[in-house]
Amino acid sequence: MFNSFGELFRFTTFGESHGKAIGVIVDGVPAGLDFDEEFLQNELDRRKPGKNRFATQRKESDRAEVLSGVFEGKTTGTPIAIVIFNKDQKSKDYSNIKDLFRPGHADFTYWNKYGIRDYRGGGRSSARETAARVAAGAVAKMLLKELNIDIKAGVIEIGGVRAKKEDYEYAKTSPLFALDEKAEEKWIELIDEKRNEHNSLGGVVKLKIDNLPVGLGEPIYYKLDNVLASAMVSINAVKGIYIGNSEAHKLTGLENNDEITKEGFLSNNAGGVLGGISNGESVEAEIYFKPTPSIFKTQKTVDIYGNEVEVDLKGRHDPIVAIRGSVVVEAMAACVIADMLMLNMTRRIDYIKKIYQ
Ligand SMILES: Cc1cc2nc3c(=O)[nH]c(=O)nc-3n(C[C@H](O)[C@H](O)[C@H](O)COP(=O)(O)O)c2cc1C
């Protein structure tokens, strides 16, 4: 239960960090869509671990195998199952924390909730699961490409240092998915410094969705902004999202309102959403990631028997999760928009008549 996301474009993920495989079933994909397996693999490669010193050194090829739902390069309208076999599990690294709760991680709550916990790499609570979401997002992006809808993201802030530019082209090739080359230099220094101190950092990802039609979002409880927020906060380590100008709460109404002319809106403080419905401007949001909980410092904790103990972590971890997190942000946003597009088709009699008359 509760491992699925979306209404009409709906995906379900399965698998654990050190289990045999992780994967996703994407249901509701329209038939006849060109299925680009190379693109799917590229998307997974962007998120995969072990690529550089800014990511965990776990070496996974993250090779996707498409098991169903595609025939001769086209989707068939049936569930698309994609599996990724885990290869580089080092469960031994986790044997010393078998009975302990890592501060900042999900061990305490999983143990207390379920009474059983897969301690190897965090089991289901591990962000390994986000690879499956990236696979679902790749399918959503294939659909959005047909409509010229463009989803992009990049890192805008690390350790409190803010980018001065939003250069999405640069972000594509940057090892940090950085939106600003200058800020990136400072971020690299900061990350290296914190890693040498066996510590970690938090960060902010900026999301931008271009070429959306007016009308996406289903008031009252499936609004574009509330579903986007739910999708983002479901990503491991995400603690908040700001839709539109993230300084809006400091502005007056006069400063914040986007004036409307015949040519369109004069500004976009609303971030492309009004009343939970897309207004035709770019959807813009900031997504806030906390620092990686696994740090190599001695910390206080308790064990499953209630004893106070000290914990010293081993294993391989991202020094900052916002970097790879930015690929997951894109994927979740793509799934939300694909779902909203399909829902919106059913919401007006003139749309329905266009199909059936
Ligand atoms: C792409 C990505 C990679 C992550 N890698 C790590 C990691 O290497 N080590 C770690 O302790 N947490 C990592 N996390 C974060 C944890 O999974 C997360 O903090 C933990 O499950 C507790 O959940 P919460 O922070 O959402 O409360 C990562 C998160 C993301 C999005």
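Tabulated data for the structure shown
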{"item": "Qualifying positions in the range 148-176 - in contact with a Lys or Arg (Cβ under 7 Å, 6 or more places away or on another chain) and either aromatic (Phe, Trp, Tyr) or part of a helix (DSSP H, G or I) (or both)", "result": "Tyr168"}
{"item": "Of all residues making up the range 297-329, the number that are exposed (fewer than 14 other Cβ atoms within 10 Å of the Cβ) and either touching a Cys at 6+ places or on another chain (Cβ under 9 Å) or among the aliphatic types (A, V, I, L, M) (or both)", "result": "1"}
{"item": "Meets criteria (under 14 Å from the mean Cα position of the chain (by Cα) and outside any strand (DSSP E or B)) for Lys141", "result": "yes"}
{"item": "Which listed residue, of Ala163, Ala136, Ala153, is open to solvent by less than 60 Å² (accessible area, probe 1.4 Å), under 20 Å from Asp27 (Cβ atoms) and of a type in the set (A, V, I, L, M)", "result": "Ala136"}
{"item": "Looking only at the range 282-305, and only at residues there that are within 15 Å of the ligand (Cβ to nearest atom) and of a type in the set (D, E, K, R), the one that is modelled with the highest pLDDT", "result": "Lys290"}
{"item": "Residue selected from the range 177-199 under the condition part of a loop (DSSP other than H, G, I, E, B) and touching a strand residue (DSSP E or B) at 6+ places or on another chain (Cβ under 6 Å), by the criterion farthest from Lys314 (Cα to Cα)", "result": "Leu179"}
{"item": "Options Phe39, Phe71, Phe101: the member that is aromatic (Phe, Trp, Tyr) and within 16 Å of the ligand (Cβ to nearest atom)", "result": "Phe101"}
{"item": "Filtered residues of the range 104-118 (kept if crowded, with 20+ Cβ neighbours inside 10 Å and away from the ligand (no atom under 11 Å from the Cβ))", "result": "Arg117"}
{"item": "Cross-chain or 6+ apart pairs with Cβ under 6 Å, the range 88-99 first and over 20 Å from Val302 (Cα atoms), then in a loop (DSSP other than H, G, I, E, B)", "result": "Asp88/Arg58; Asp88/Lys59; Asp88/Glu60; Gln89/His18; Ser91/His18"}
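One line per residue, one yes/no per condition, for (1) open to solvent by less than 10 Å² (accessible area, probe 1.4 Å); (2) in contact with an Asp or Glu (Cβ under 9 Å, 6 or more places away or on another chain); (3) assigned to a strand (DSSP E or B):
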site	(1), (2), (3)
Glu7	no, yes, no
Ile22	yes, yes, yes
Val29	yes, no, no
Glu38	no, no, no
Asn52	no, no, no
Lys59	no, yes, no
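Every residue, every condition in (1) at pLDDT 95 or above; (2) touching a strand residue (DSSP E or B) at 6+ places or on another chain (Cβ under 7 Å); (3) more than 30 Å from Arg124 (Cα to Cα), yes or no:
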| residue | (1), (2), (3) |
| --- | --- |
| Lys208 | yes, yes, no |
| Val214 | yes, yes, yes |
| Leu224 | yes, yes, no |
| Met232 | yes, yes, no |
| Val238 | yes, yes, no |
| Ile241 | yes, yes, no |
| Gly244 | yes, yes, yes |
| Lys250 | yes, no, yes |
| Gly253 | yes, no, yes |
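The values are calculated or read from the model by the stated rules, or taken from the named source; none is laboratory data. Computed from a predicted model, the values in this text were never measured in an experiment. Glycine gets a Cβ as well: all are built from the backbone with ideal geometry, and neighbour counts include every protein chain shown. Surface areas here come from the heavy atoms of the whole protein model, side chains and all, with no ligands, DNA or RNA. Shrake-Rupley method; radii C 1.70, N 1.55, O 1.52, S 1.80 Å.
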